[in-house]
Amino acid sequence: MRIHIYSARPHDQQTLVTRLVQAGHRVSSDASRLESATLAESKGCDAVCTFVCDEVSRAILQGLREQGVKLILQRAAGTDNIDLAAARDMDMAVAHVPEYSPHAVAEHAVALLLSLNRHIHQAYQRMQQANFSLDGLLGFDLHGKTVGVIGMGRIGQCFATIMQGFGCHVLAYDPAAAPEQHMAGVRYETLETVWTASDVLSLHCPLRPETHHLVNAELLARTRPRALLINTSRGPVVDTAAVLAALRSEALGGYAADVYEGEACVFFRNCSGCGYDDPLLNDLLHEPGVLLTPHQAFFTAEALTSIASTTLDNITAFSTGQHRANFLV
Ligand code: NAI
């Protein structure tokens, strides 16, 4: 099969491209994200391999189809960047990688929480400047605190398990979790109850129309004083401007995120030489009480190996018509 990989980074060359080429596929790749300007790069290919920042809208799918592409291979769990209804209308197949390492993402959420609470990133910067004072570095014990998990799927459950290990009480909100699926030791409640009762809130739900700006000014107004919010799910689940306002009014104690609602135009690139044109991101990066990472929660060696292997399986499933469990269309 002839496959073009969009948004390819050096780690994709080392793992994904190597695996696909070893399996006999003809692979081309480019660092550019999929958008109308880069559509022609996949001309003549049977499949394109996309990532979270690629634009797979109806118009782009139409263009891909016209140039012969039949299969979209998303190398991620989330598919909120893909218009699945449009793909269905055009009879194009879409496969993703639903589970590669929920541990990778949950562990990163914990890393963000620990850094934010104990000001590790600020302490590191101070130490580099020979400032050894403790002023402003006060945190709190996680042991005995209440942690609210929004979305109790694969990653949410891993995160809850780790938090139980810290001696936290775990509350969860997941509208689709049936009682028989509830995790032991976790109390499932309404969003309102989880939000108002938690010292730490961690988002692990997918981005869907109903979760867009789920965390808005109204919800943030009901946050426990000085609570910490962690977001490793998707940027648009949070209204960033409302989070900034909540931090400034001290309704929220801190915000650590691996995702940002305008990330597609900035993340995964080195903009240190050229800058970026995003005043909201600039405000967020310079707000005390905010810790951001560039969508790296998935980025472990184990996860990359698993993504490459499942993507290869998805190609085989498309060719044979069997084992299409990862196909959404
Ligand atoms: P999953 O599908 O196993 O779990 C998602 C859970 O969210 C399900 O239990 C679902 O019922 C629940 N949910 C759906 N709507 C909800 C709502 N309105 N409120 C609360 N819960 C809701 O997915 P998984 O693997 O746990 O991933 C979760 C999300 O994490 C992905 O959709 C993706 O957006 C994000 N992610 C981020 C990564 C990163 O590198 N930062 C990497 C991988 C995933």
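The values are calculated or read from the model by the stated rules, or taken from the named source; none is laboratory data. These figures come from a predicted structure and were not determined experimentally. Reconstructed Cβ throughout: ideal geometry from the backbone, glycine too, with neighbour counts over all protein chains shown. These area figures cover heavy atoms from the full protein model, side chains too; ligands, DNA and RNA do not enter into them. Shrake-Rupley method; radii C 1.70, N 1.55, O 1.52, S 1.80 Å.
Exactly one condition in (1) within 12 Å of the ligand (Cβ to nearest atom); (2) open to solvent by 40 Å² or more (accessible area, probe 1.4 Å) is not met by HIS204; state its number.
(2)
Scanning region 148-161 for residues that are part of a strand (DSSP E or B) and more than 8 Å from the ligand (Cβ to nearest atom), which turns out surrounded by the most Cβ atoms within 10 Å (Cβ to Cβ)?
VAL149
Restricting to region 162-211, name every residue that is in contact (Cβ under 8 Å) with a residue 60 or more places away in the chain and assigned to a loop (DSSP other than H, G, I, E, B).
Once the filter is applied, which keeps residues that are in contact (Cβ under 8 Å) with a residue 60 or more places away in the chain and assigned to a loop (DSSP other than H, G, I, E, B), region 162-211 yields HIS204, PRO206, LEU207, ARG208.
Just a yes or no: is a residue in region 249-264 exposed (fewer than 13 other Cβ atoms within 10 Å of the Cβ), modelled with pLDDT of 95 or more and over 23 Å from GLU107 (Cβ atoms)?
Within region 249-264 (the criterion being exposed (fewer than 13 other Cβ atoms within 10 Å of the Cβ), modelled with pLDDT of 95 or more and over 23 Å from GLU107 (Cβ atoms)), the answer is yes, since at least one residue qualifies.
Is it fair to say ALA308 is assigned to a helix (DSSP H, G or I), within 16 Å of the ligand (Cβ to nearest atom) and either outside the structural domain of VAL21 (by TED's automatic domain parsing) or surrounded by 20 or more Cβ atoms within 10 Å (Cβ to Cβ) (or both)?
Considered against the rule, which asks whether it is assigned to a helix (DSSP H, G or I), within 16 Å of the ligand (Cβ to nearest atom) and either outside the structural domain of VAL21 (by TED's automatic domain parsing) or surrounded by 20 or more Cβ atoms within 10 Å (Cβ to Cβ) (or both), ALA308 comes out as yes.
Given the structure, is ALA23 on the phi < 0 side of the Ramachandran plot, open to solvent by 50 Å² or more (accessible area, probe 1.4 Å), out of contact with any Pro (no Cβ under 7 Å at 6 or more places or on another chain) and of a type in the set (A, V, I, L, M)?
So ALA23 passes the test.
Could we say that ALA227 is open to solvent by less than 30 Å² (accessible area, probe 1.4 Å), within 26 Å of LEU142 (Cα to Cα), modelled with pLDDT of 95 or more and assigned by TED's automatic domain parsing to the domain that holds GLN122 here?
yes
When only residues in region 212-235 that are assigned to a helix (DSSP H, G or I) and more than 19 Å from HIS108 (Cβ to Cβ) count, which is nearest to the ligand (Cβ to nearest atom)?
LEU219
Look at region 211-232 and say how many of its residues are farther than 23 Å from ALA297 by Cα and of a type outside the set (D, E, K, R).
7
Out of region 183-201, which residues are open to solvent by 50 Å² or more (accessible area, probe 1.4 Å) and within 13 Å of the ligand (Cβ to nearest atom)?
Result: GLU189, THR190, GLU192.
Anything in region 80-93 that is in contact with a strand residue (DSSP E or B) (Cβ under 7 Å, 6 or more places away or on another chain) and either assigned to a loop (DSSP other than H, G, I, E, B) or away from the ligand (no atom under 16 Å from the Cβ) (or both)? List them, or say none.
Of everything in region 80-93, those that are in contact with a strand residue (DSSP E or B) (Cβ under 7 Å, 6 or more places away or on another chain) and either assigned to a loop (DSSP other than H, G, I, E, B) or away from the ligand (no atom under 16 Å from the Cβ) (or both) turn out to be ASN81, ASP83, ALA87, MET92, ALA93.
Which residue is farthest from ASP91 (Cα to Cα), if the candidates are limited to region 32-55 and must be open to solvent by less than 40 Å² (accessible area, probe 1.4 Å) and assigned to a helix (DSSP H, G or I)?
If we take residues in region 32-55 being open to solvent by less than 40 Å² (accessible area, probe 1.4 Å) and assigned to a helix (DSSP H, G or I), then THR38 is farthest from ASP91 (Cα to Cα).
Can you tell me which residue among ALA109, ALA104 is modelled with pLDDT of 95 or more, touching a strand residue (DSSP E or B) at 6+ places or on another chain (Cβ under 7 Å) and either away from the ligand (no atom under 15 Å from the Cβ) or of a type in the set (Gly, Ala, Ser) (or both)?
ALA109 is the lone residue from the list that is modelled with pLDDT of 95 or more, touching a strand residue (DSSP E or B) at 6+ places or on another chain (Cβ under 7 Å) and either away from the ligand (no atom under 15 Å from the Cβ) or of a type in the set (Gly, Ala, Ser) (or both).
Going through region 162-178 one residue at a time, which ones are in contact with a strand residue (DSSP E or B) (Cβ under 6 Å, 6 or more places away or on another chain), among the aliphatic types (A, V, I, L, M) and within 11 Å of the ligand (Cβ to nearest atom)?
Scanning region 162-178 gives a single hit, ALA172.
From PRO279, PRO294, which residue is under 26 Å from ALA245 (Cα atoms) and touching a residue at least 12 places away in the same chain (Cβ under 8 Å)?
None of the other options fit; the residue is PRO294.
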